[in-house]
Amino acid sequence: MEKITSFTIDHIRLIPGVYVSRKDQAGDSCITTFDLRMTSPNDEPVMNTAEVHTIEHLGATFLRNHPVYGSRVIYFGPMGCRTGFYLLLAGDYESSDIVNLMIEMYEFIRDFEGEVPGASPRDCGNYLDMNLPMAKWLARKYLDEVLYDITEERLVYPQ
C-alpha cells in the first residue's frame with residue numbers, strides 16, 4: 001500500500017504553521033485541506049483532549065458562522081496526533097489566503113467568555129471533556145508565535 005499524503009511530510013522538520021495539506025477534486029469543485037499545526041510534532045507536548053475538544057467546538061462555531069467563509073467550510077476538526085487541526089474549504093486556496101481568517105478564529109477562541117457552544121449532554125457525546133482556559137492559552141500561543149508575524153517557512157511544508 002502507498003503511504004497517504006499526510007504520512008509523507010517530514011514531521012521531524014515540521015514546525016507550527018498553516019499549510020496546504022492537499023487539494024482534491026470533487027466533481028467540478030476543488031476542496032483544499034489545510035494543516036493548522038499548533039505544536040511542533042515529536043518535540044512539544046501534544047494538546048490534551050479537553051482543550052482540543054474545546055477548540056473544535058469554538059472553531060467550528062466561528063467558522064460555520066463566518067460571513068464570507070461559512071458556506072465554504074466542509075470540515076474543521078482535530079488531528080489524531082493532537083498537534084493541530086484540519087480545515088477543509090470548498091475552493092482552491094493557498095496557505096496565505098486564510099491567515100487572516102485563522103487570526104480571526106484564534107482571537108475568537110482566545111477572547112471567548114461564557115459557556116462553550118454545544119457543551120451540553122444533549123448536544124455533545126463527551127460534553128464534560130472541555131478545558132476553556134487551556135484552549136484560550138493555546139490560541140494565544142498560536143497567535144503570538146505563529147500567526148501574527150507568519151513567515152514563508154510556516155506556510156509551505158518542509159522539503
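Consider only pairs whose beta carbons are under 7 Å apart and that are at least six residues apart or on different chains; among these, list those whose first residue lies in the range 12-29 and is farther than 25 Å from A139 by Cβ and whose second residue is small (G, A, S) and in a strand (DSSP E or B).
Short answer, once both residue conditions are applied: S29/A90.
Being over 27 Å from K23 (Cβ atoms), in contact (Cβ under 8 Å) with a residue 40 or more places away in the chain and hydrophobic (A, V, I, L, M, F, W, C) narrows it down to one residue among V146, V116; which is it?
On the way: V146 fails: over 27 Å from K23 (Cβ atoms).
Criteria check complete, one pass: V116.
How many of the residues in the range 42-90 are touching a strand residue (DSSP E or B) at 6+ places or on another chain (Cβ under 6 Å), among the basic types (K, R) and within 21 Å of R154 (Cβ to Cβ)?
0
Are any of the residues in the range 17-32 at pLDDT 95 or above, in a loop (DSSP other than H, G, I, E, B) and surrounded by 19 or more Cβ atoms within 10 Å (Cβ to Cβ)?
No, the conditions are met nowhere in the range 17-32.
Looking for whichever is part of a loop (DSSP other than H, G, I, E, B) and either within 22 Å of S6 (Cβ to Cβ) or among the acidic types (D, E) (or both) here; the options are D97, D35, D129. Which one fits?
After ruling out the rest, the residue left standing is D129.
Would you pick out the residues in the range 54-95 that are more than 26 Å from N42 (Cβ to Cβ) and either modelled with pLDDT under 95 or of a type in the set (S, T, N, Q) (or both)? Steps first, answer last, please.
Keep residues of the range 54-95 that are more than 26 Å from N42 (Cβ to Cβ), which gives 57-58, 60-74, 89-94.
Scanning the range 54-95 gives T61, N65, S71.
If you go through the range 91-98 one residue at a time, do you hit one that is farther than 19 Å from R140 by Cβ and out of contact with any strand residue (DSSP E or B) (no Cβ under 9 Å at 6 or more places or on another chain)?
No - not one qualifying residue is present in the range 91-98.
In the range 123-159, which residue that is in contact with a Ser or Thr (Cβ under 9 Å, 6 or more places away or on another chain) and of a type in the set (V, I, T) is farthest from I55 (Cα to Cα)?
Per the criteria, the residue is V156.
Quick one: in the range 1-37, which of the residues that are farther than 16 Å from T151 by Cβ and among the aromatic types (F, W, Y) is nearest to the chain's Cα centre (by Cα)?
Among residues in the range 1-37 that are farther than 16 Å from T151 by Cβ and among the aromatic types (F, W, Y), the one nearest to the chain's Cα centre (by Cα) is F34.
Would you mind finding the one in F62, F85, F76 that is buried (at least 21 other Cβ atoms within 10 Å of the Cβ), of a type outside the set (D, E) and outside any strand (DSSP E or B)?
Result: F62 is the single residue among F62, F85, F76 that is buried (at least 21 other Cβ atoms within 10 Å of the Cβ), of a type outside the set (D, E) and outside any strand (DSSP E or B).
Run M105 past the list (1) farther than 22 Å from S6 by Cα; (2) surrounded by fewer than 16 Cβ atoms within 10 Å (Cβ to Cβ) and report the number of the one that doesn't hold.
So M105 meets the others, but not (2).
Within the range 119-146, count every residue that is buried (at least 16 other Cβ atoms within 10 Å of the Cβ) and in contact with a His (Cβ under 9 Å, 6 or more places away or on another chain).
5
The values are calculated or read from the model by the stated rules, or taken from the named source; none is laboratory data. From a predicted model like this one, the values you see are computed outputs, not experimental measurements. Backbone-built Cβ (ideal geometry, glycine too); neighbour counts: all protein chains shown.
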